[in-house]
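> Here's a structure for you.
The values are calculated or read from the model by the stated rules, or taken from the named source; none is laboratory data. These figures come from a predicted structure and were not determined experimentally. Here the Cβ is made from the backbone with ideal geometry for all residues, glycine too, and neighbour counts use every protein chain on show. Accessible surface areas use protein heavy atoms only, side chains included; no ligands, DNA or RNA. Shrake-Rupley method; radii C 1.70, N 1.55, O 1.52, S 1.80 Å.
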Amino acid sequence: MLRYIKALKNPKAFFKRYHSIFIITAVLFWIKTYLVYLTQFKLGVEGFYQHFLLFINPVSSTLLIISFVYLFKKKGQYRMLFLVDLISSIWLFANVMYYRFFSDFITIPTIMSAQENSGSSVLELLRVTDILMFIDPIVILIVIVKKAAPLYVNNHLAAFRRTLIAAICVFLINLGLAEIDRPQLLTRTFDRNYLVKYLGVYNFSIYDAIQSTKSMTQRAMAGSDDLVAVDNYIKANYVKPNPDYFGKAQGKNVILISLESLQNFVIDYKIGNQEVTPFLNSLAHDGTTFYFDNFFHQTGQGKTSDAEFMMDTALFPMAQGSVYVNKAQNTEQALSGILKYQGYNSAVFHGNYKTFWNRNEMYRSMGYDKFFDAAYYDMTDENKKNYGMKDIPFFKESVPIMKKLEQPFFAKMITLSNHYPFGMDQQDTTFPVGDFGDKVVNQYFQSANYLDTSLKLFFDDLKASGLYENSIIVMYGDHYGISENYNDAMAKVLNKEEITPFDTAQLQRTVFMVHAPGVTGGPNHTYCGEVDVRPTILHLLGIDTKDYLELGSDILSPEHQGIVPFRNASFVTPQYTYTGEIFYDNATGLEAETPVDADKLIETVKEKLNASDQIVTKDLLRFYTPPNFTPIDRNDYQYLKPTKVDLDYYKSP
Ligand code: GP9
Ligand code: MN
């Protein structure tokens, strides 16, 4: 390598060296890719460290491409160099074109399901400067035609090995550096933008190809026979609605609000003498709002998206990864689809960009009519925190949009600002921080209080808009906010000596309330979890769930079983908490004698998770055609960047 750098002093001599053409191509390809990142994609690169990663991330894939060329002998090397460089450039170009239209990157599933639904011709998207994306193949072509190439690399297999090893090493270093800035980058894979920002557009494509192949194989190996046992199991466990509540909210709009990271311990909690969530507390005690104080989140690695998935489908999320990311092409019989059959319109409101958690793809499979993502909101610096809109401006800007929806509608609203690490901008709060010896935990109360205030303002706006009386408002905390890493501070919060595994399981309670004007609910102590939300809501709306394949059951039904499985097969019941393969007695928090029905409980939880996993991983709903449901064709749905006309319309009061 050093020899090549020295030879640079004399460009002619440099050019005559064996590997020169390869080096020139590699550098051109690298720099070109970096410039494309800067000019063509909105990757949200912040700070020097992320910039540095963006700059180096094309290196490993460039080396990989070059190593491939060294597999060939003599003249073949230059031909191959031209070919692979051209193909890679076309791939980059295709991604740029795709991004111009969809603000997203190409994935294998999008290619497989490509349809003429772009509505705009490729020509319109072209720009003259796009030719620059082909600068390196053009250079190689000139070299080949002019026979200006130096000698071939003779010991090409050794060169292949060396370059391949270098590619792998650089990739691992790149991944390691990326994980420092963004832990669990690959296991959680929350956003294509993030993968491209940290690992590069080519590495992302390779990763996507591997993931898609895995998923497609699982799907291809499954057949309609696989559905039989699952179908029987679910139908045998169907829970009838409670006639006292069935249809009590018939025909109402459904406003389903995901409360970011809102755990149940904040309800009625005070910092000093100030309630953290005065508004939610007032609902909890108004005697009419259903307040389920034994409600547990059941999410896995897919966090917010897993919680959404359970609301949408009443199935469990996957043991690994996010269903939204890995199974977005599955056939779904989701809440949005079921309600569509009943004449509802559906929309999602979220102040982050649509690719996060692959929402823009998953919502197509579930048949959401509209997706109002960050592109519809006023994403100014003062309105933004963490991933996107702060909750107060988010709700404020959502109401005028909501008013434009045809009723009855189902609106899913995903709040955002009560997200780890919970820091607040000074001007947004006067609420005191906690004093529990940890910054994150201390800030949590301030941030939760802000979320509570935003809900109060939203309710006020709903009343003013006239939507309130016609709507049921369902609110759920998506998952924990304070993880086990903060056990010391949490022990102080809860006035305990320490947080035991029993406490950790019990702390997985998140807020769950259903506020239906005109329907009397009140506090409810039934043990339940996120998979149970959908059947409960559907029964309140007067829609029987007996025909849909779901693993949750109506919480208001006297037949509801209070076994709440967690994704890792631990569980809680009204009497016991089973975690780390130990039974604890809920009354004392201490290890319990093994209950007589221990095996049955463990088995029940495994059966439920397994039935759900069968459906999700094998895409079994494609073999299921429930009555009272029109199959969703995902090609009918697409969430494009709003035009000026769209924005003017939706944002007008
Ligand atoms: C991002 C938001 C947060 O759009 O939903 O996701 P999380 O990190 O909580 O899963
Ligand atoms: Mn979340």
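> Going by the structure shown, is residue 439 surrounded by fewer than 21 Cβ atoms within 10 Å (Cβ to Cβ), under 21 Å from residue 293 (Cα atoms) and without any contact (Cβ under 8 Å) to a residue 60 or more places away in the chain? Before you say what the answer is, go through the steps one by one.
Numbers: surrounded by fewer than 21 Cβ atoms within 10 Å (Cβ to Cβ): yes; under 21 Å from residue 293 (Cα atoms): no; without any contact (Cβ under 8 Å) to a residue 60 or more places away in the chain: yes.
So residue 439 fails the test.
> Working carefully through the options 602, 563, find the one that is aliphatic (A, V, I, L, M), open to solvent by 30 Å² or more (accessible area, probe 1.4 Å) and more than 25 Å from residue 218 (Cβ to Cβ).
Numbers: 563 fails: open to solvent by 30 Å² or more (accessible area, probe 1.4 Å).
Checking each option against the conditions leaves just 602.
> Now a separate question. Based on this model, can you work out whether residue 235 counts as away from ligand 2 (no atom under 16 Å from the Cβ), closer than 25 Å to residue 309 by Cβ and open to solvent by 50 Å² or more (accessible area, probe 1.4 Å)? Working first, answer last.
Numbers: away from ligand 2 (no atom under 16 Å from the Cβ): yes; closer than 25 Å to residue 309 by Cβ: yes; open to solvent by 50 Å² or more (accessible area, probe 1.4 Å): yes.
Yes: the conditions hold for residue 235.
> Say whether the condition of being part of a loop (DSSP other than H, G, I, E, B), within 16 Å of ligand 2 (Cβ to nearest atom) and in contact with a Leu (Cβ under 6 Å, 6 or more places away or on another chain) is met by at least one residue in segment 253-270.
Just the residues of segment 253-270 that are part of a loop (DSSP other than H, G, I, E, B), to begin with: 260-262, 267-269.
From what is left, the residues that are within 16 Å of ligand 2 (Cβ to nearest atom) are 260-262.
Of the ones still in play, those that are also in contact with a Leu (Cβ under 6 Å, 6 or more places away or on another chain) are 260.
Yes; the residues of segment 253-270 include at least one that is part of a loop (DSSP other than H, G, I, E, B), within 16 Å of ligand 2 (Cβ to nearest atom) and in contact with a Leu (Cβ under 6 Å, 6 or more places away or on another chain).
> Another question, if that's okay. Looking at 444, 476, 480, can you tell me which residue is open to solvent by 30 Å² or more (accessible area, probe 1.4 Å), within 29 Å of residue 501 (Cβ to Cβ), within 16 Å of ligand 2 (Cβ to nearest atom) and not charged (D, E, K, R)?
Values: 444 fails: open to solvent by 30 Å² or more (accessible area, probe 1.4 Å); 476 fails: open to solvent by 30 Å² or more (accessible area, probe 1.4 Å).
Exactly one of 444, 476, 480 is open to solvent by 30 Å² or more (accessible area, probe 1.4 Å), within 29 Å of residue 501 (Cβ to Cβ), within 16 Å of ligand 2 (Cβ to nearest atom) and not charged (D, E, K, R), namely 480.
> Could you tell me how many of the residues in segment 291-313 are more than 25 Å from residue 520 (Cβ to Cβ), part of a helix (DSSP H, G or I) and more than 12 Å from the chain's Cα centre (by Cα)?
So the answer is 3.
> Further, regarding this structure: If I filter segment 404-436 down to residues being more than 13 Å from ligand 2 (Cβ to nearest atom), of a type in the set (S, T, N, Q) and in a loop (DSSP other than H, G, I, E, B), which single residue comes out as most open to solvent (accessible area, probe 1.4 Å)?
Within segment 404-436, the match that is most open to solvent (accessible area, probe 1.4 Å) is 430.
> Check every one of the helices (runs of 4 or more DSSP H) wholly within segment 475-556 and list those with 1 or more residues that are among the basic types (Lys, Arg). Show your work before the answer.
Details: elements: 487-493, 501-506, 533-540.
The helices (runs of 4 or more DSSP H) meeting that bar are 487-493, 533-540.
> Tell me whether segment 338-355 contains one or more residues that are more than 26 Å from residue 395 (Cα to Cα) and of a type outside the set (A, V, I, L, M, F, W, C).
Yes, because at least one residue in segment 338-355 is more than 26 Å from residue 395 (Cα to Cα) and of a type outside the set (A, V, I, L, M, F, W, C).
> Give the number of residues within segment 198-215 that are of a type outside the set (A, V, I, L, M, F, W, C) and within 19 Å of residue 103 (Cα to Cα). Break it down stepwise before answering.
So in segment 198-215, the residues of a type outside the set (A, V, I, L, M, F, W, C) come out as 198, 200, 202-203, 205, 207-208, 211-215.
Among the residues that remain, those that are also within 19 Å of residue 103 (Cα to Cα) are: 198, 200, 202-203, 205, 208.
Here the count works out to 6.
> If you scan segment 127-153, which residues turn out to be open to solvent by 90 Å² or more (accessible area, probe 1.4 Å) and either of a type in the set (Asp, Glu) or touching a residue at least 40 places away in the same chain (Cβ under 8 Å) (or both)?
Of everything in segment 127-153, those that are open to solvent by 90 Å² or more (accessible area, probe 1.4 Å) and either of a type in the set (Asp, Glu) or touching a residue at least 40 places away in the same chain (Cβ under 8 Å) (or both) turn out to be 132, 151.
> Something else about it: Given the criterion surrounded by fewer than 18 Cβ atoms within 10 Å (Cβ to Cβ) and either at pLDDT below 95 or in contact with a Leu (Cβ under 6 Å, 6 or more places away or on another chain) (or both), identify the matching residue among 470, 485, 495. Quick ask: steps written out before the conclusion?
Details: 470 fails: either at pLDDT below 95 or in contact with a Leu (Cβ under 6 Å, 6 or more places away or on another chain) (or both); 495 fails: either at pLDDT below 95 or in contact with a Leu (Cβ under 6 Å, 6 or more places away or on another chain) (or both).
Only one candidate passes the filter, namely 485.
> Restricting to segment 305-326, count the residues that are open to solvent by 10 Å² or more (accessible area, probe 1.4 Å) and either at pLDDT 95 or above or more than 16 Å from ligand 2 (Cβ to nearest atom) (or both). Working first, answer last.
Filtering segment 305-326 down to residues open to solvent by 10 Å² or more (accessible area, probe 1.4 Å) leaves 318-320, 325-326.
In the following step, the residues that additionally are either at pLDDT 95 or above or more than 16 Å from ligand 2 (Cβ to nearest atom) (or both) were identified as 318-320, 326.
Count: 4.
> Would you confirm, using the coordinates I've provided, whether residue 375 is of a type in the set (A, V, I, L, M) and surrounded by fewer than 21 Cβ atoms within 10 Å (Cβ to Cβ)?
yes
> May I ask you to list pairs of residues, at least six apart or on different chains, whose Cβ atoms are under 9 Å apart, with the first in segment 499-515 being under 16 Å from residue 588 (Cβ atoms) and the second being aromatic (Phe, Trp, Tyr) and part of a loop (DSSP other than H, G, I, E, B)?
505/566
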